[in-house]
1. What pairs can you find where one residue is in the stretch 179-195 and more than 19 Å from residue 250 (Cβ to Cβ), the other is of a type in the set (Asp, Glu), and their Cβ atoms are less than 8 Å apart, with a gap of 6+ or different chains?
2. Please work out which residue is most open to solvent (accessible area, probe 1.4 Å), limiting yourself to the stretch 144-164 and to residues that are more than 21 Å from residue 65 (Cβ to Cβ) and not in a strand (DSSP E or B).
3. Name every residue in the stretch 167-182 that is farther than 13 Å from residue 347 by Cα and not hydroxyl-bearing (Ser, Thr, Tyr), in order of residue number.
4. What are the residues in the stretch 264-283 that are touching a residue at least 40 places away in the same chain (Cβ under 8 Å) and either among the hydrophobic types (A, V, I, L, M, F, W, C) or within 26 Å of residue 199 (Cβ to Cβ) (or both), if any?
5. What do you reckon, is residue 262 at pLDDT 95 or above and within 21 Å of residue 65 (Cα to Cα)?
6. Can you name the residue in the stretch 224-259 that is outside any helix (DSSP H, G or I), over 19 Å from residue 199 (Cα atoms) and of a type in the set (Gly, Ala, Ser) and is also farthest from the chain's Cα centre (by Cα) among such residues?
7. Select from the stretch 198-224 the residues that are of a type in the set (D, E, K, R) and out of contact with any Pro (no Cβ under 7 Å at 6 or more places or on another chain) and write down the one among them that is most open to solvent (accessible area, probe 1.4 Å).
8. Can you tell me which residue among 128, 173, 135, 119 is open to solvent by 40 Å² or more (accessible area, probe 1.4 Å) and either in a helix (DSSP H, G or I) or among the β-branched types (Val, Ile, Thr) (or both)?
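The values are calculated or read from the model by the stated rules, or taken from the named source; none is laboratory data. As the structure is a prediction and not an experimental result, all values here were calculated from the model. Every residue, glycine among them, receives a Cβ derived from its backbone with ideal geometry; neighbour counts consider all protein chains shown. Protein only, heavy atoms only, side chains kept; ligands, DNA and RNA dropped before computing areas. Shrake-Rupley method; radii C 1.70, N 1.55, O 1.52, S 1.80 Å.
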Amino acid sequence: GPGAPPGGGAGDAARPDGRSGDGDAGAPPGGAPPGTLEDRLAVVVTTSPVRSNPSTEMLERVFDTFRQGGDALAYRCRKIIVCDGCRNKDDPDGDQNGDPVRHYANSKQAMRNGIVDTVQQRNYAEFVRRMQALVADAAAPGAPPSPFANTTVLELPSRHGYGFALRAALQHVTEPYVLVVQHDRTFMRRTPVAEVVAAMEANAAVKYVGFSQRSNLMYRDAFVGKYGKEAGEVLADMIVRPLELRLPEEVYGKDGSSPKGIAFTNEKMKTNLLEFQRKYFSCLQATGSAEGRANGGPARPPEGASDDNHNIGTDGTTDDNSPGGEAAAPTHQLTLTPLFFWYDNLHICSTSHYRDFVFNPLYRMVAKGGFVEDKLTPVLVRSAERLGPRQGHAAFGCYLLDDHSGFFFTGHLDGGSYLTEEMRIGVQQKANGRSVRKESKKGKEQSV
């Protein structure tokens, strides 16, 4: 019926892709010239209160990793930092609606829901001020190159939650594609951002490309484990191998410089990730690069790309005899695995797909105060169950990038690692106090 998202109503299967409405939500402008990456991609970074406020160290670390996506992303693409509002649990007047502010057992969970005390609210305001100073310094005449260049700060007056804060920021995006970044998510290694945008332009069905994280790198295996071998075969047949993502073997793949460039912070991390890589190559996901023929639009070297995509045949093979008589460099096929889960982790999405489909008020797929993935994923799954995996997935068009190196592209920063010394002492004192109370209670119970 009216307002029902794909898979959720009786009248939404009129379109062959399962979408409701008139318009081509999410498709890039037809026939548009490639242009520069900064003409085609904006960056939205979402932030909200965390324990490490007022320190900006964690956010600076996130911005520093934009260099992994190339100079165009780091220094020239327009960036918007959207600062969600918060609710003060100490306020006797309640929240913005006058309702009592909900209390949580621990501070971390409360802050995740935008609830702070008076000190935390003051720290967050100071964090925003320091962040604005970073942006102003980067824009000053003669300033050295900074990832904070060409950045604006959008402050929201009240608590929106991740999903609606992102929606507010998208109203300021004019570029056809947007890279969405949470304030504690980073690129771990060299990542083909410009090439992904080029692949999305050449493949209108690809509306969202997620950059892999530890929890979803072996997505194909998890999918088969949940839905069975037959469904897994359908998923395998839906994998996209764009010519735009047939990239230099010296950079991507198991022996490429991208995975070898990961900066292991300690031996334990190195051991864990190398063991993870070993496990990856015994899984189904590892076979995706070699299966099938390359598909997608004509190959072209996108602006800002790590290398040229010259001499790629229509079957995805390389031409060893280039016009200049020189052999082409060996290439490696990166793949896009269809997702039946919408990850809020680092991803590139068609701006119009977010505005006209994901946040379409008629569909009511995202609720205020929550995360996009929590609400959108069940709708995506129901759509696939109702219309079949191909047609049900088509409306959402979300895929996961894999270079089949056995390493994921993105990581997660622990906000607790960026506490000031004073904050660390305070956290430790609270922990010690809880431990003393717990031991005291245990002793009383034993005595009884």
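1. 180/344; 182/344; 184/414
2. 157
3. Answer for the stretch 167-182, where residues must be farther than 13 Å from residue 347 by Cα and not hydroxyl-bearing (Ser, Thr, Tyr): 167, 168, 169, 170, 171, 172, 173, 175, 176.
4. 273, 276, 277, 280, 281, 283
5. So residue 262 passes the test.
6. By that ranking, first place goes to 228.
7. Filtering first and then ranking leaves 214.
8. So the residue among 128, 173, 135, 119 that is open to solvent by 40 Å² or more (accessible area, probe 1.4 Å) and either in a helix (DSSP H, G or I) or among the β-branched types (Val, Ile, Thr) (or both) is 119.
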